[in-house]
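The values are calculated or read from the model by the stated rules, or taken from the named source; none is laboratory data. Worth saying up front: this structure is predicted, and the values here are computed from it rather than measured. Cβ sites come from the backbone with ideal geometry, for glycine too, and all protein chains shown count toward neighbours.
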Amino acid sequence: MTIVTSPAKNIHSSLTELEKLLHNAAIRKSKPKVNIVQNENWTELRIAAPGIDKKKIDISLNDNVLQINSVSEEEKELKNGGSYLIKEFDFGNFSLEYKLTEKVNLDKIDAKYDNGILIVKLPFKNEEELHKTKKISLK
């Protein structure tokens, strides 16, 4: 007995194998939703990443580029022995990059993962740090 029917089920059942592969590949490569919040002291990235083990999230900084990556293994078999009719999301595979300005204090970047939201705080340098002059001596 069918309790809920989905028009998408009919669409998926009529797709060729190649179309199914392309459809699934496009979904796996999707980027997470990101909210960016800012005030006079910091910018904060709030990244929707539900169901991801925080050990699978890698955050790095290279040449003022903030890189956020997550890679997880695709579920090979369902625990209950069923099979997918529609699979519209995966847990974890994404890659984001943000070019940071000189205004960001790179030494004080902070990140936490709470209730499926990855929060990366990018504090700004204060005025003294921003306009710091470095003396160069002549030899």
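Odds and ends about this structure:
- Matching residues, segment 90-101, being surrounded by 11 or more Cβ atoms within 10 Å (Cβ to Cβ) and either closer than 16 Å to LYS31 by Cα or modelled with pLDDT of 95 or more (or both): ASP90, PHE91, GLY92, ASN93, PHE94, SER95, LEU96, TYR98
- Within segment 51-82, the set of residues being at pLDDT 85 or above, in a loop (DSSP other than H, G, I, E, B) and farther than 23 Å from ASP114 by Cα comprises ASP63, ASN64.
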